[in-house]
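These notes concern the structure reproduced below.
The values are calculated or read from the model by the stated rules, or taken from the named source; none is laboratory data. Only a predicted model underlies this, so the values are computations on that prediction, with no experimental measurement involved. With ideal geometry, Cβ positions are generated from the backbone for all residues, glycine too; neighbour counts draw on all protein chains shown. Heavy atoms of the whole protein, side chains included, go into the accessibility calculation; ligands, DNA and RNA do not. Shrake-Rupley method; radii C 1.70, N 1.55, O 1.52, S 1.80 Å.
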Amino acid sequence: MSIAVAASSRRGARQVPLLLRLAARDLRGGISGFGIFIGCIFLGVWAITAVSALSHSLSDGVAREGRTMLGGDVSFARSHSPLSDAERRFFAARGLLSSVAIMRAIARYSDRAGLIEIKAVDSTYPAAGAAGLAPALPLPDILAAVDGVYGMVADEALSAKLDVKLGDRVEIGTSSFELRAFLMSEPDKLAGGIGFGPRVILSHDALRASGLLQPGALVRWINRLTITPARGHAVASDDEATRLIDEANAAFPGAGWEVRTRTNVSPQFSKNVDRLTEFLTLIGLTSLIVGGSGIANAVRGFVERKRMTIATMKALGASGSYVFAETLVEILCIALIGILAGTLAGAIMPLIINSLFGALIPFPLTSALYPQAVASGLIYGLLATLTFALGPLGRVHDISVSGLFRDEIEPSRTRLRWRYRLLIAAVALALLITVLTTSPNLRVAIIYVGATLGSFVVLRLLAGLLVALVRRVPRPHGLTLRLALVEIRRAGTLAPSILLSLGLGLALLVTLAMIDANLRRQIGQQIPGTTPSFFFLDVRAAEASAFQDYLKAHTPEGTVETAPLLRGRVVKVKDRKAEDVHPKDNAAWVLEGDRGITFTSKVPDGSSVVKGTWWSSNYSGEPLVSLDVEIADGLGLNIGDVITVNVLGRELNARIANLRHVNWRTLGINFVLVFSPNTFAGAPYTRLVTLAFPPGNNTARENAILRATAHDYPTITSIKVKDVLDAVSNIISQLAVAIRAASSVALIAAILVLAGAIAAGQRARAYDAVILKTLGATRWRLLAAMVVEYALIGAVAAVFGLLAGAAAAYVIVTRIMAFDFAWIWAQSLAAAGLALVFAVVLGLVGTWRVLGVKPAAMVRSL
């Protein structure tokens, strides 16, 4: 037995070089017919590798520039109150301290007024990096007071907004400031978050002179510390930063800081990058899967072209396993062309983008090659190739020599051997495990895999159902329709390939179209008379009544509402620190930074209590809080639980008295956290005031009230809801463009598959065309039959794409984004119509040459 095994092993070892030589010799003739095969693999691998490389590049760039982007090694931020003397002494003893105050205000020039984002800085700003100024003068000199007038630096957008130029004096609050330079770049812009107005930089003294720093004003103080490193080191270590944070929290346990480090500049930004990376990776994987049908078609065509060679090899004694191995080696060699090309093209994307657009991108990218991205592309490309190529290749094992020669007229129906079925299952399982283990969100990955597998099954069933229905349809009288139905039900029909490629591509297109339309609907859906036209911030409690009377006098037709407003941060959920809580995705934002909070003795408009009871108007017991019911569910909270909120540097424990359903769609005065009035007795606060105009074109009235309030109440910040919605819509538009560009890869793969399927069926169609033309059919008759055939198959794919895309969009919008969903069909129907026309046109272009084949030439090739 051992001798036989050894002999068998030696024979196997000798066969490997021969197998490689045969594969290499066969490939000397070129790779004609594999263009679409290589293209499908290239697109998917390129997309996956490029997304992975850009993600690593961005992460490395943020880590490398973290100190510059944060403005130091560690930042301690909180709303309302600057550092106390004790806190300032504590930080100053440990390094270079730089403080920045962030708030919104209204800038006025001549008869114009507009919202601005103020950044008040001290003499050490920027502690890391440099601000780009035009003209390039020292920032302290620009901001200093000259003849009693402080200077300011502004984003160039302010010039367009207020029509100001260098040297003009702009009014902010109760003072005037001279515009002395434009802000061209801001090193710590990412750490400051999204702004809704042009950036204006002032000094701390200038901000105090503006009169904006009233008690309770919505100002955020960010204190950055550049730690003095240990002797012999240029920069403090991460351990030193961690030690400083622990010492600060121990020295000031109730300070209520939001702490950031140079390695964690913006957690929300990092989270968004991870989500976008995952989404784009799945799109790249979708293109590989869509292209899988093209891979399978190309391999079938390859086997078809090699049938004479395979027959000869078997006639000379080659086993079915040997023929399979030899053809597999050839396919893998060809696949490596697409895999390596896609991997290389994707891996160098950070270098290309950085060289071409580095100056325009607001975040840093590192120009480097990442082995992780290369490995990702190689693994996905190889597994996808094997998953879709093994089936067609495995069928050569059991096809007899005589069967290969007569395949032209009687295709083999041999079932695939179990060994190849198990091999396909093993490779597909490896691909599935790779998707699940490399995804940052297992739930999303499972949903994606399930949706993809379900789509494959449904499309296969649809193809089978279409063929079965066509076979049962009574023979139509019209010759054109009869020819079309014959082509659909024949062996080797294009229906499965076209349905798979076009159906998946169209489903992706419809999904993105409906998500985009619903997002825009949510943003733009204002309810006249209910949705506010203005939010007025920093309204002091003492002037709130007079300001409301002022608004009613100037806009008697408007609706004015008001509520107390403070800023607070959730620091504990029950007995757990906020950073140790793992909330659901829809509630995570509540624990990220400061939140607007209020107090009232009655249930706010737009809310309804769904669990628990509201407190009485004269309640005076322990602090109570009302919580949005969906947020409570996301945080794992219920009636009677306690949450801790830090407000004005003081921690408050409040027990949940009730849960509310909040109608956020009104965009009115709604808060996640509403406290009983006794909670903040004696605390300084401002009031939030809203103004809603009745239905109609209110642009002129909005501009008039903006100018009037800016002049008469200069310390009150007026925010036009329309400007905010436009800013958000602009961000969504930019994101949508990026996502559509990435999704186009999958659509291009679908086009390649469709073209490949048509090309693979050309030989059979040529025989049909010759026979039909011999029997008297004209080219135009055959062309009409093809139009009907492709239209029928395309219509089925369009229906699937519409329904599957709408279902996917519904789940994403309602379950993940937690928005209301509207069935907006206009864009989807347009996409389906275009896809149908495209399928017909591409089919005709691909088969037009077949209609011109001469019978004599075809007969001679037999």
To the nearest Å², the heavy-atom accessible area per residue of region 672-720 with 1.4 Å probe amounts to 36 Å²
Sorted by chain and number, the residues with a modelled amide H under 5 Å from that of residue 686, at a separation of 5 or more or across chains, are 565
Given the options 72, 101, 84, identify the residue whose Cα lies farthest towards the positive end of the charge dipole of region 48-118 (+1 on Cβ of Lys, Arg; -1 on Cβ of Asp, Glu). 84
Fully extended contour minus Cα-Cα distance, from residue 441 to residue 93, at 0.36 nm per residue: 121.0 nm
Restrict the search to region 550-638; then list the GluC sites (Glu not before Pro) that DSSP places in a loop and that have at most 13 other Cβ atoms within 10 Å of their Cβ. 557
Please arrange 164, 837 by accessible surface area, largest first, computed with a 1.4 Å probe and ligands excluded. 837, 164
Taking 7 Å along the Cα-to-C-beta vector as the label spot, tell me the residue 780-residue 837 distance in nanometres, rounded to one decimal. 2.3 nm
Positive end of the dipole of region 536-603, charges at C-beta (+1 Lys, Arg; -1 Asp, Glu), about the Cα centre: which of 590, 547, 558 has its Cα farthest in that direction? 590
Report the full-extension gain for the segment residue 469 to residue 355: residue separation times 0.36 nm, less the Cα-Cα distance, to one decimal in nm. 35.4 nm
Send over a whole-number figure in Å² for the accessible area per residue of region 220-293, probe 1.4 Å. 44 Å²
Cβ-Cβ cut-off under 14 Å around residue 451, Lys and Arg +1, Asp and Glu -1: the net charge is +2
Rounded if a/c is under 1.5, else prolate if a/b beats b/c, else oblate: with a ≥ b ≥ c from the C-alpha gyration tensor eigenvalues square-rooted, which is region 49-197? oblate
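When the accessible area of region 593-732 is computed with all protein chains present and a 1.4 Å probe, what percentage of it is carbon and sulfur?
C and S fraction of accessible area: 51 percent.
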Set the Förster radius R0 to 22 Å, insert the Cβ-Cβ distance between residue 308 and residue 333 as r into 1/(1 + (r/R0)^6), and round the FRET efficiency to 0.05. 0.60
Whole-Hz couplings from phi, Karplus 6.51/-1.76/1.60, listed for region 420-432; x for Gly and Pro: 6, 4, 5, 5, 4, 4, 5, 5, 4, 5, 4, 5, 4
With the full set of protein chains in place, find how many percent of the accessible area of region 192-338 is carbon and sulfur; take the probe as 1.4 Å. 59 percent
Could you give the nm distance between label points at residue 146 and residue 617, where each point is 7 Å from its Cα heading toward the beta carbon? 5.9 nm
Which value, in Å² and to the nearest 10, is the accessible area of residue 572 when all protein chains are kept and the probe is 1.4 Å? 80 Å²
Short version: ³J(HN,Hα) in whole Hz for each residue of region 239-251, in order, from phi by Karplus 6.51 cos²θ - 1.76 cosθ + 1.60 (θ = phi - 60°), x for Gly and Pro, what are they? 5, 5, 5, 5, 5, 4, 4, 4, 5, 5, 5, 6, 6
Karplus-derived 3J(HN,Hα) from phi for region 207-222 (6.51 cos²θ - 1.76 cosθ + 1.60, θ = phi - 60°), whole Hz, x at Gly and Pro, runs 5, 5, 6, 6, x, 7, 7, 8, x, x, 4, 7, 10, 10, 9, 10
Under 5 Å, built H, 5+ apart or other chain: amide partners of residue 658: 625, 627
Spelling it out for residue 117: with amide H atoms placed in the peptide plane at 1.01 Å from N, the residues 5 or more places away or on another chain with amide H under 5 Å from its amide H are 197, 199, 200
When all Cα-Cα pair distances of region 112-246 are considered, the percent exceeding 20 Å is 51 percent
Arrange the peptides 39-46, 704-711, 99-106, 135-142 so that the one whose residues have, on average, the most other Cβ atoms within 10 Å appears first. 39-46, 99-106, 704-711, 135-142
With +1 on each Lys and Arg Cβ and -1 on each Asp and Glu Cβ, and nothing else charged, work out how big the dipole of region 569-696 is about its Cα centre, in Debye to the nearest 20. 240 debye
With r defined as the distance between the Cβ atoms of residue 369 and residue 486 and R0 fixed at 60 Å, what FRET efficiency is calculated, to the nearest 0.05? 0.65
Counting other Cβ atoms within 10 Å, which chymotrypsin sites (Phe, Trp or Tyr not before Pro) in region 104-204 have at most 12 and lie in a DSSP loop? none
Where 55, 110 fall by accessible area, highest first, once all protein chains stay in place (1.4 Å): 110, 55
Carbon and sulfur %, accessible surface of region 81-148 computed with the full protein complex present, 1.4 Å: 54 percent
At 1.4 Å probe size, with every protein chain present, just tell me what the per residue accessible area of region 453-596 comes to in Å². 46 Å²
Given the Cα-Cα distance of residue 554 and residue 348 and 0.36 nm per residue of separation, how much length would full extension add, in nm? 68.2 nm
Might you work out the accessible area of residue 577 for me, using a 1.4 Å probe with all protein chains in place, and round it to the nearest 10 Å²? 110 Å²
